[in-house]
Each structure stands twice: as structure tokens, then as C-alpha cells.
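The block underneath contains the structure these notes are about, expressed in C-alpha cells.
Only the coordinates and a few stated rules stand behind these numbers; no lab work does. Everything numeric here is computed off the predicted structure, so don't read it as measured data.
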Amino acid sequence: MEQRGSPDRTWYLVLDGATDVVTRSRDFARRALAAWHWLPAATQEARDAADDVLLLVSEVVANACLHGGGPSALLMDCDEERLRIEVTDGNPAPPVPVRAGTRRGQPGGHGLLIMDRLARRWGTRPGPHGKCVWLEVAAPAGVRNPGPR
């Protein structure tokens, strides 16, 4: 089930029981970015910011699939200063970063490193049926996102 506002500030996607959740979430994020005028991007900075958001959505949803028992929902909340992304899953344990050098040359294990590098900040909070992993990225200069505060 999908709920979204167009071009509302907050977009919400229910993922519980859905298939192909990474692709579904990435497509949903792309539509939200277009509604908020991040896409099509007018500058290289805006293109880079949108690409970062799509990568971060893919990573946090994939991490929920691999380590959280599957994502329950994706929430994206955008204002003039930042975009907040939240993914809920059924595992109450917070994500644990892979120690440097322990997975050299192996795929996977880099999601939290990517979040550290691309997100302005990120964290987790417990929920009634698991946890929420959230992250924030800065809105690109010149992009003024819709929606009342």
C-alpha cells in the first residue's frame, strides 16, 4: 500500500509484506524528489544530492532486509533545509558498523559507512515493534521544497 502527497512535504510508503522493496523504495524516492523539484536537477550539486538520496534509500532499505527482518515502512520528510529519511523494521537491535578491514574485498558491509559519509547525520530509535533508522541530508542550494511547516 502506498500513500503519498503530491507535492506535500511528507511522503510515506508501506512496505510490510511487499516484494522487491529496494526497487520499490528507490522508485518512490525518485517520485518524491521530482515532486519536491530536486529532479530534474538544474545543477551538478543538485544532481549529486539526488543521487546521494537514492543511494541512501537503497542502502537503508537493503539493510532492513538483511538485518532487520524486512522493512515495514519508508518515510521521507522534506523542508527547505533538509530531507529526513526513516525506515522502520521489526528488529529492535540497532545497526552495528563493520570494523575497518574485516571485510576487505568482500561485497556488502558498507551501508553504515555510506550513511556516515553521505548523510548529515543519522541514528536509530526504538519503536513499538522494532526500530527506526533515520538519516538527514541537506537540501541542495536553490531547491526550495514545498509544503507548509
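Tabulated results
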read-out: Rg/Rg_globular for segment 1-95, with Rg_globular taken as 2.2 N^0.38 Å and Rg from C-alpha atoms; value: 1.06
read-out: Stretch gain in nm, segment Ala34-Glu81, where the contour uses 0.36 nm per residue and the Cα spacing is subtracted; value: 15.3 nm
read-out: Length gained when the stretch Ile114-Ala42 is fully extended (0.36 nm per residue, less Cα-Cα span); value: 23.4 nm
